[in-house]
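*Asks:* The structure follows.
The values are calculated or read from the model by the stated rules, or taken from the named source; none is laboratory data. These figures come from a predicted structure and were not determined experimentally. In this analysis, Cβ positions are derived from the backbone assuming ideal geometry, glycine residues included, and neighbour counts consider all displayed protein chains.
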Amino acid sequence: MWLRLIAFLMSFIVSGSIHAQDTIPSMAEAGLPVFLPAGLSNERSRQIWESTRREQVLAAFETYVYGKAPEGGYTLGFDRIESSSRQPKLNAERRRMVVNIQTERGMASIKVTLFLPLEHSGSVPVFLGMHLFDSSRELPVIGQPWAHPTDSTSTLSLEDPSVVLRMILNRGYGFATIDANDVDPDEHDGFKNGVHALFHDETQRHAPDDWGTLAAWAWGLSRALDALEREEDVDASKVAVIGHSRMGKAALWAGALDSRFAMVISNDSGCGGAAISRRQTGETVAHINRVFPHWFCGHFHAFGDREQALSVDQHMLIALAAPRPVYVASAEEDAWADPRGEFLSAFYASEVYRYYGLSGLHPDERPLMNQSIGDRVGYHIRSGRHDITAFDWKCYLDFADRHFLGKQP
Ligand code: GTR
């Protein structure tokens with residue numbers, strides 16, 4: 001009897017409420033840092049958010065979570081490795097550019113691979129992501145073939161890894177990707193390689209607020225955007241930064257820092273991404289810093305099991321995208337990423353969108369399995385595991401159609 005009661009109470013604590021769908025506590029009730037005091041008008045809140053509060057939140061993430069990237073001290077050069085090669089299988093053309101970053105300590109190069117629909121009139125909106133494998137591969141695998149949980153009639157092939165890329169291109173969008181290894185290999189090397197080495201002498205210890213690997217990847221995504229802006233076929237005012245899992249953490253941070261990204265998309269980004277750290281559900285701050293000590297800045301390591309001492313939490317990272325459209329996605333079986341914590345971040349971040357007179361997630365909106373919800377803040381939870389699938393991409397394309405092209409579903 002007692003064990004059953006304890007198990008029930010534990011599920012209550014983890015889920016955040018009994019029948020979690022119906023009652024969501026306010027940020028203050030949930031012990032989360034608030035954006036602004038209650039009782040201000042939306043217009044007044046927007047003024048304060050834009051004049052001071054947003055900068056405070058951003059600075060706190062820079063100092064205590066991701067670390068500060070250098071503001072300057074480098075020059076950029078741009079080259080083209082491959083002008084345009086037709087990819088008949090994709091009905092697309094592929095271009096390869098390279099961004100050369102030069103500092104007094106040396107140079108690093110980031111390759112940008114861009115796929116554009118063969119038939120396009122004028123410039124096209126582009127999704128920009130990153131991957132963790134050799135970018136010399138013919139086609140980056142940017143999503144698993146269709147795994148729509150309920151639509152068994154989908155005709156998309158389950159074998160062909162390019163099926164997702166073709167889906168994106170056939171809907172009139174471009175896709176660009178960089179190789180994370182060009183920016184910073186995903187290993188704890190003491191910041192001796194990648195772009196960190198351009199700015200830090202390896203004998204210098206990293207200061208506790210120096211940029212970690214996720215901040216370097218975010219910086220690399222902005223350098224890739226510098227390259228995309230030089231392509232007249234790319235509508236640089238409509239570039240969505242997107243990432244799955246660890247790349248989703250980097251995409252959220254890139255979108256927070258660089259307002260040139262017109263849309264920000266996090267796919268199953270979890271701890272240090274969209275999931276609220278204070279919930280300590282699934283992967284925790286202590287665990288992620290133990291296993292991936294290079295991802296965040298040194299200060300962040302001190303907040304393991306002390307998340308409540310942080311002046312920010314991840315709902316505020318989502319809100320840094322406002323008023324630009326932002327999308328957070330979860331997977332039902334991805335307990336490690338804390339789907340409920342990812343949803344709550346999107347839910348709470350919607351308050352800042354209301355400052356702008358925009359609807360993010362409506363206060364009465366709740367997650368619906370395998371359905372996209374929300375307006376300027378999008379959210380879905382897909383049945384299945386930690387992954388990025390054609391179903392996820394379909395939701396993002398619909399979201400981009402709505403917010404980039406003004407198309408209603
Ligand atoms: C896991 C990590 C997660 C997530 C994931 C991924 O090992 O704990 O935070 O980043 O890797 O990137 O696939």
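*Asks:* I'd like the full set of residues that are in a helix (DSSP H, G or I) and either within 12 Å of the ligand (Cβ to nearest atom) or farther than 21 Å from residue 191 by Cα (or both), limited to segment 297-313.
*Replies:* Matches in segment 297-313: 303, 307, 308, 309.
*Asks:* Turning to a different aspect of this structure: Could you say whether any residue in segment 316-328 is among the aromatic types (Phe, Trp, Tyr), free of Cβ contacts under 8 Å to residues at least 60 places away in the same chain, farther than 21 Å from residue 63 by Cβ and more than 16 Å from the ligand (Cβ to nearest atom)?
*Replies:* Narrowing segment 316-328 to residues among the aromatic types (Phe, Trp, Tyr): 327.
Pick out the ones that are also free of Cβ contacts under 8 Å to residues at least 60 places away in the same chain and you get none.
No, segment 316-328 contains no residue that is among the aromatic types (Phe, Trp, Tyr), free of Cβ contacts under 8 Å to residues at least 60 places away in the same chain, farther than 21 Å from residue 63 by Cβ and more than 16 Å from the ligand (Cβ to nearest atom).
*Asks:* Just name the residue that is modelled with the lowest pLDDT out of those in segment 47-90 that are of a type in the set (Asp, Glu) and under 30 Å from residue 166 (Cα atoms).
*Replies:* Only one residue tops the list, namely 82.
*Asks:* Just wondering, is there one or more residues in segment 377-390 that are assigned to a helix (DSSP H, G or I) and more than 30 Å from residue 37 (Cβ to Cβ)?
*Replies:* Taking every residue of segment 377-390 in turn, at least one turns out to be assigned to a helix (DSSP H, G or I) and more than 30 Å from residue 37 (Cβ to Cβ).
*Asks:* Same structure, new question: What pairs come out if I take residues in segment 230-246 that are touching a residue at least 40 places away in the same chain (Cβ under 8 Å) and pair them with residues that are of a type in the set (D, E, K, R) and within 16 Å of the ligand (Cβ to nearest atom) whose C-beta lies under 8 Å away, six or more apart or interchain?
*Replies:* Sorted first by the residue in segment 230-246, then by its partner, the pairs are 243/249; 244/268; 244/387; 245/268; 246/186.
*Asks:* Now a separate question. Among the numbered criteria (1) within 16 Å of the ligand (Cβ to nearest atom); (2) at pLDDT 95 or above; (3) in contact with a strand residue (DSSP E or B) (Cβ under 6 Å, 6 or more places away or on another chain), which one does residue 249 miss?
*Replies:* (3)
*Asks:* Which residues, taken from segment 186-234, are surrounded by 14 or more Cβ atoms within 10 Å (Cβ to Cβ), in a loop (DSSP other than H, G, I, E, B) and of a type in the set (S, T, N, Q)?
*Replies:* Answer for segment 186-234, where residues must be surrounded by 14 or more Cβ atoms within 10 Å (Cβ to Cβ), in a loop (DSSP other than H, G, I, E, B) and of a type in the set (S, T, N, Q): just 193.
*Asks:* Note down all Cβ pairs under 8 Å where the first residue falls in segment 14-41 and is assigned to a loop (DSSP other than H, G, I, E, B), the second is hydroxyl-bearing (Ser, Thr, Tyr) and at pLDDT 95 or above, and they're at least six residues apart or on different chains.
*Replies:* Within 8 Å, the pairs are 27/348; 32/348; 33/311; 35/45; 36/45.
*Asks:* Run down 98, 183 and say which single residue is crowded, with 18+ Cβ neighbours inside 10 Å, over 18 Å from residue 396 (Cβ atoms) and modelled with pLDDT of 85 or more. Give the steps one after another, and end with the answer.
*Replies:* Working: 98 fails: crowded, with 18+ Cβ neighbours inside 10 Å.
Of the residues listed, the single one that is crowded, with 18+ Cβ neighbours inside 10 Å, over 18 Å from residue 396 (Cβ atoms) and modelled with pLDDT of 85 or more is 183.
*Asks:* Another question, then. Any idea which of (1) closer than 14 Å to residue 267 by Cα; (2) modelled with pLDDT of 95 or more is the one residue 317 doesn't satisfy?
*Replies:* Looking at each condition in turn, residue 317 falls short on (1).
*Asks:* Please verify whether segment 152-170 includes one or more residues that are surrounded by fewer than 21 Cβ atoms within 10 Å (Cβ to Cβ), outside any helix (DSSP H, G or I), modelled with pLDDT of 85 or more and of a type in the set (Ser, Thr, Tyr).
*Replies:* Checked segment 152-170: no residue is surrounded by fewer than 21 Cβ atoms within 10 Å (Cβ to Cβ), outside any helix (DSSP H, G or I), modelled with pLDDT of 85 or more and of a type in the set (Ser, Thr, Tyr).
*Asks:* When segment 235-245 is examined, which residues are found to be within 10 Å of the ligand (Cβ to nearest atom) and surrounded by 23 or more Cβ atoms within 10 Å (Cβ to Cβ)?
*Replies:* If the condition is that a residue be within 10 Å of the ligand (Cβ to nearest atom) and surrounded by 23 or more Cβ atoms within 10 Å (Cβ to Cβ), then 243, 244 are the ones that fit.
*Asks:* Hey, another quick one. Kindly establish whether residue 89 is closer than 30 Å to residue 171 by Cα, surrounded by fewer than 16 Cβ atoms within 10 Å (Cβ to Cβ) and touching a Ser or Thr at 6+ places or on another chain (Cβ under 7 Å).
*Replies:* It is true that residue 89 is closer than 30 Å to residue 171 by Cα, surrounded by fewer than 16 Cβ atoms within 10 Å (Cβ to Cβ) and touching a Ser or Thr at 6+ places or on another chain (Cβ under 7 Å).
*Asks:* Can you name the residue in segment 280-296 that is of a type in the set (A, V, I, L, M) and in contact (Cβ under 8 Å) with a residue 12 or more places away in the chain and, of all such residues, is nearest to the ligand (Cβ to nearest atom)?
*Replies:* Selected residue: 288.
*Asks:* Somewhere in segment 392-409, is a residue under 20 Å from the mean Cα position of the chain (by Cα) and part of a strand (DSSP E or B)?
*Replies:* No, segment 392-409 contains no residue that is under 20 Å from the mean Cα position of the chain (by Cα) and part of a strand (DSSP E or B).
*Asks:* Could you list, in sequence order, all residues of segment 364-400 that are more than 16 Å from the ligand (Cβ to nearest atom), more than 24 Å from residue 256 (Cβ to Cβ) and touching a residue at least 60 places away in the same chain (Cβ under 8 Å)?
*Replies:* Residues satisfying the conditions are 366, 369, 370, 383, 390, 391, 394.
*Asks:* Quick check: anything in segment 252-268 in a loop (DSSP other than H, G, I, E, B), among the aliphatic types (A, V, I, L, M) and either more than 9 Å from the chain's Cα centre (by Cα) or within 14 Å of the ligand (Cβ to nearest atom) (or both)?
*Replies:* For segment 252-268, residues in a loop (DSSP other than H, G, I, E, B), among the aliphatic types (A, V, I, L, M) and either more than 9 Å from the chain's Cα centre (by Cα) or within 14 Å of the ligand (Cβ to nearest atom) (or both): present.
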